[in-house]
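Colleague: There's a structure below that I have some questions on.
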Amino acid sequence: MNEPLIILEDLAIGYEGRAVLSGISLSITRASFTAILGANGSGKTTLLKTVLGLLLPVSGRIKTASSDAPLVFGYVPQAARLDPVYPLTAREVAQMGAYGRIGPGRLVPPAEGEFARECLRAAGAEGFAGRRFAELSGGQKQRVLIARALTVRPDVLVLDEPTAGVDHTAAHAVMEFVSRLRRERALTVVLVTHDFAAARRHADDVLWLHAGKVLQGPAYELLAPERMTAILDEGID
């Protein structure tokens, strides 16, 4: 549980060689649930994309405990960003997670199709697998996207604002499901969110991007009301 899985060493992140955050040294442990918090423009998405390998670090490096092969990430973006791109059924969206193994445009082998069904079942989405993705509710879409990420067979499940635009009941159900999935499958979960209450309820560890720096600590400690007040009112201590 305490084994470092992803290690950031004196990392600077940004775009076109210009750093928006620097001096980031921290680790994410295996099978942990880490929440990344911060205001709009604080660098959450930049940090996420750098960890995913979608952006190169400006300086520093990222190491992983997996020396034999790169870590596999299952990425769950905000559902609203996918609506125009996926005029497909929920089942077809979930099966896209297997394309890294079988190649896009090829027929999905029966074994991969069955695994996608298992992932839909695990995500509580099997009952609407035949419906068009664009016609689903916000909570249903998020469950399908989680199923797609599971079909990748990830080492790390990464969720970018998974409850944005979702009603409170559905948001609660999605977060409870992610927590249960993490426990049952010993997944490493990284969650980007604005929801401090959800982070306090579900996360073990918190990365809080604030005032140009990254604070890391246990959720119960960093999100304690008195600590949050001190950080917001007086700056980072």
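Colleague: Testing the spin-label approximation: label points 7 Å from Cα along Cα→Cβ at H168 and R132. State their distance in nm.
Modeller: 3.2 nm
Colleague: Among L215, G127, V152, which residue has its Cα positioned farthest towards the positive end of the charge dipole of segment 110-237, with +1 placed on the Cβ of Lys and Arg, -1 on the Cβ of Asp and Glu, and the dipole taken about the Cα centre?
Modeller: G127
Colleague: Please state, to two decimals, what the Cα-based radius of gyration of the chain comes to when divided by 2.2 N^0.38 Å (N = residues).
Modeller: It is 1.03.
Colleague: Please report the relative contact order for the chain, taking Cα pairs under 8 Å with a sequence separation of at least 6, and give it as a percent rounded to a whole number.
Modeller: It comes to 26 percent, rounded to a whole number.
Colleague: A further question on this structure: With the alpha-carbon atoms as the only input, what is the per residue convex hull volume for segment 1-123 in Å³?
Modeller: 165 Å³
Colleague: Which number do you get for Rg(Cα) / (2.2 N^0.38 Å) in segment 86-149?
Modeller: Here the Cα radius of gyration is 1.00 times the empirical estimate.
Colleague: How much length is gained if the chain between Q216 and A111 is pulled fully straight, taking 0.36 nm per residue apart and subtracting their Cα-Cα distance, in nm to one decimal?
Modeller: Length gained, Q216 through A111: 33.7 nm.
Colleague: For segment 143-203, just run the numbers: alpha carbon Rg, then divide by 2.2 N^0.38 Å, N being how many residues it has.
Modeller: With N residues counted in segment 143-203, Rg over 2.2 N^0.38 Å equals 1.05.
Colleague: Mean shadow of segment 96-237, computed from the convex hull of its alpha carbons, in nm²?
Modeller: Directional mean of the projected Cα hull area for segment 96-237 stands at 10.2 nm².
Colleague: Shifting gears a bit: Could you give the nm distance between label points at N40 and L88, where each point is 7 Å from its Cα heading toward the beta carbon?
Modeller: Taking the simple label geometry, N40 and L88 are separated by 3.1 nm.
Colleague: Nearest 10 degrees, 0 to 90: what angle lies between the long axis of helix 168-185 and the longest principal axis of the chain (Cα atoms)?
Modeller: For helix 168-185, the angle is close to 90 degrees.
Colleague: Would you compute, from DSSP H runs of 4+ residues alone, the mean residue ellipticity of the chain at 222 nm, taking -39500 (n - 2.57) per run and dividing by the full residue count, rounded to the nearest 500?
Modeller: -10500 deg cm²/dmol
Colleague: Find how much the distance from A230 to I7 grows on full extension, using 0.36 nm per residue of separation minus their present alpha carbon separation; answer in nm with one decimal.
Modeller: 77.5 nm
Colleague: Follow-up question, since we're still on this one. With springs only between Cα atoms under 10 Å apart, run a GNM on the chain and tell me which of D160, D205, D68 wobbles the most.
Modeller: D68
All of the numbers you see were taken from the coordinates with simple rules; none came from a lab. Small disclaimer: the values here were computed from a predicted structure and weren't measured. Because the Cβ atoms are built from the backbone with ideal geometry, glycine has one as well, and the counts that use them run over all protein chains shown.
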